[in-house]
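Structure, as structure tokens:
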Amino acid sequence: MKNLFRENVVEALVGLLVVLLAAWFAWFAWDRTGGGGPADAIRVTALFPNASGVAVGTDVRVAGLKVGTVAEQKLDPQSFQVDVTLALDPTLKMPKDSSAAITSEGLLGSTFIALAPGGDPAPLKSGDTIVDTQGSIDLMGMIGQFINKSGSDTPATPK
């Protein structure tokens, strides 16, 4: 057995390195997708009419600073809106009447949920629902409307 190990020490070290690298990658992926979020996070829900570009692990930001992630999303069978569960930093004391909007960093930037603080002195707590929401904007639809001049008061004239 010792002879076998001495002959294959390089292969054994490479195998150990591959196993360690795979374990690190699994931990990294779990952490980046929100799977490893804090257990004591404040979990609030928000209903969005359109949640394009949002997935589990998407950032939740206040004034550009990451304060949480999207923990879960599902379709609400009564309203046919997307029910998004947000896992927020437990030290964050967001007012109860805060609003949420799906936005992006630019034309080619990543999508995130932006929270805008309200004025209520009572903070959000787990189980609360954010009612004032704005879904993601369909950029391609807006460009199509602009090109076709649809939505204006004057009819498009044929050329």
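The values are calculated or read from the model by the stated rules, or taken from the named source; none is laboratory data. On a predicted model such as this, the values are computed, not experimentally measured, just so you know. Cβ: placed from backbone, ideal geometry, glycine included. Neighbour counts: every protein chain shown.
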**Request:** Out of the residues in region 84-95 that are surrounded by 18 or more Cβ atoms within 10 Å (Cβ to Cβ) and more than 19 Å from Asp31 (Cβ to Cβ), state the one that is modelled with the lowest pLDDT.
**Result:** Met94
**Asked** Of the residues in region 49-97, how many are part of a strand (DSSP E or B), aliphatic (A, V, I, L, M) and farther than 19 Å from Ala122 by Cα?
**Response** 7
**Complete:** Checked pairs for region 134-150, first over 17 Å from Ser52 (Cβ atoms), second surrounded by 11 or more Cβ atoms within 10 Å (Cβ to Cβ) and not hydroxyl-bearing (Ser, Thr, Tyr), C-beta under 9 Å and 6 or more apart or across chains, list as Ser150/Gly144
**Prompt:** Which residues, taken from region 98-121, are of a type in the set (Ser, Thr, Tyr) and part of a loop (DSSP other than H, G, I, E, B)?
**Reply:** Ser98, Ser110
**Message:** For the condition closer than 19 Å to Ser136 by Cα, at pLDDT below 90, under 13 Å from the mean Cα position of the chain (by Cα) and loosely packed, with under 12 Cβ neighbours inside 10 Å, what is the one hit in Ser52, Ser110, Ser79, Ser104?
**Reply:** Ser110
**Asked** Looking at this structure, is Ala46 more than 15 Å from Ile130 (Cβ to Cβ) and either part of a loop (DSSP other than H, G, I, E, B) or aliphatic (A, V, I, L, M) (or both)?
**Response** no
**Request:** Can you tell me which residue within region 1-43, out of those that are charged (D, E, K, R) and not in a helix (DSSP H, G or I), is modelled with the lowest pLDDT?
**Result:** Asp40
